[in-house]
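Structure, as structure tokens:
The values are calculated or read from the model by the stated rules, or taken from the named source; none is laboratory data. Predicted model, so just to flag it, every value in this text is computed and none were measured. So basically every Cβ, Gly included, is an ideal-geometry build from the backbone, and we count neighbours across all protein chains shown. The accessibility values were calculated without ligands, DNA or RNA, using every heavy atom of the protein model including side chains. Shrake-Rupley method; radii C 1.70, N 1.55, O 1.52, S 1.80 Å.
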Amino acid sequence: MQRDVFYLAGYDPRTYRFYYSLFKKNLNQYKDRFNIDAQLSKSFIQQNDIYWNIEGKDYQTKYHFLAWNDIVKINWSENFKDALLDCYSFFRIYTITGLFIKFGKASIYQLITGYYPFFYVIFSLCLALICGGSVFLLVQIYIHFVFAALFAVFVFYIVNRFLFNYGRKLAVFWISRICSFCANWHKHKKEHLEDRIEKFAYSIFDILKKNQNNKNYELILIAHSVGTIMCIEILERILHLCKEEKIDFSKLKILTLGECIPLVSFQKKSIDFREKMEFVGGFDLKWYDFTSVIDGACFPLVDFMQESGIKTQFKPKYLSAKFHTLYEKKYYKKIKKNKNDAHFLYLWSIQLKGDYDFFNFVTNNKFLEEKIRS
């Protein structure tokens, strides 16, 4: 069995080194726990192709990392001013337009998560103003008005800074960055993403074309988080190429993890994006969409095709990762408290065998569709 896996990360400025380290650590844990045959190579970069190999007795997997973190860095927010702008963007595009009602109907979990950063920023500003104002009223009795005002501004800054740093630990601003980036998807795509999407699509298509006559072969495109939105764009191009050149696409399989596609597809201006979704929906693909309620950055078990107003004969198979069945109770309770960990849990080694098993999906000599209970 030969397999190519293409992994598309979400909105994350970290490089392939972080993801290779994460993969290596969790694969080793998985091997020790379940005694599987999987030898991991070091990571390689050849002609802009970043990859590493996993080999076993009767299979070989080449794991490609589709890097776009450099584009993320261009739009990455680093200070409170950026957080305010992100919240303004969220308010302007998702609230004023009334889109939040549609989000609430599709997934109340995503609605709560989306407004979590917005209200946290408002709360932080109000609390900092109250603290600064209270200090000013108290201190001006004892010192000159100007010094009291300066001291109040200092208190406002300290309280605001503390709440901002605390919010970063809670992944508040990471969530607002995702929402803001997706709210302005068309702008970002035109400025930076278009060429990268084309490059990814042609790279995947070329390998699919080379292996069309290999019976013991599969190509899995794995997209995580905001990467699932890019996945729609990439799939549309790949399938157009397959149609034009009459290439068999049956060896192409798709795994979307923690998808947040409605952040773009629900927008009225996303006509072109929905047309691409409709085109992709015209192909009978082996597509499995895994989400989880504890992942606040996804739309759990939402039929994003139907909810986006798209009618197709084909739909992805919407499945729950059921993380609560894959980990010991004490360990799972800790994970639930950390929003960042919950969002990356799709890439971790499981502790107990269940329906979702990332490392089983990318190793051994069985095809992906044989490993997934649907």
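Between LEU235, LEU208, LEU255, the distinction of being part of a helix (DSSP H, G or I) and within 29 Å of TYR109 (Cα to Cα) belongs to LEU235 only. Within region 101-120, residues that are in contact (Cβ under 8 Å) with a residue 40 or more places away in the chain sit with their Cβ atoms under 9 Å from residues that are open to solvent by 40 Å² or more (accessible area, probe 1.4 Å) and aromatic (Phe, Trp, Tyr), at 6+ positions apart or across chains, in these pairs: GLY114/PHE100; PHE118/PHE91.
Quick check on region 41-49. Is at least one of its residues of a type in the set (Phe, Trp, Tyr), surrounded by fewer than 16 Cβ atoms within 10 Å (Cβ to Cβ) and more than 18 Å from LEU221 (Cα to Cα)? Yes. When we screen PHE290, PHE367 for residues that are buried (at least 18 other Cβ atoms within 10 Å of the Cβ), hydrophobic (A, V, I, L, M, F, W, C) and over 21 Å from ARG237 (Cα atoms), the only hit is PHE290.
Among helices (runs of 4 or more DSSP H) entirely within region 139-201, having at least 3 residues that are modelled with pLDDT under 90 and hydrophobic (A, V, I, L, M, F, W, C) singles out 145-169, 172-183.
In a residue-by-residue description of region 334-346, the property of being among the polar types (S, T, N, Q), open to solvent by less than 80 Å² (accessible area, probe 1.4 Å) and farther than 26 Å from ILE178 by Cβ applies to no position. Answer yes or no: is there a residue in region 55-62 that is at pLDDT 95 or above and within 24 Å of ASP341 (Cα to Cα). Scanning region 55-62, I find no residue that is at pLDDT 95 or above and within 24 Å of ASP341 (Cα to Cα), so the answer is no.
Against the list (1) closer than 22 Å to TYR7 by Cβ; (2) at pLDDT below 95, the condition TRP287 fails is (2).
When you scan region 112-125, do you find a residue that is open to solvent by 80 Å² or more (accessible area, probe 1.4 Å) and in contact with a Gly (Cβ under 9 Å, 6 or more places away or on another chain), even just one? Yes: one or more hits. With respect to ASP272, determine if the residue is open to solvent by 40 Å² or more (accessible area, probe 1.4 Å), closer than 22 Å to ILE238 by Cα, of a type in the set (D, E, K, R) and part of a loop (DSSP other than H, G, I, E, B). It is false that ASP272 is open to solvent by 40 Å² or more (accessible area, probe 1.4 Å), closer than 22 Å to ILE238 by Cα, of a type in the set (D, E, K, R) and part of a loop (DSSP other than H, G, I, E, B).
Candidates are the residues of region 267-311 that are touching a Pro at 6+ places or on another chain (Cβ under 7 Å) and charged (D, E, K, R); the one that is nearest to THR95 (Cα to Cα) is GLU307.
Within region 262-275, not a single residue is of a type in the set (Val, Ile, Thr), at pLDDT 95 or above and within 25 Å of TRP185 (Cα to Cα).
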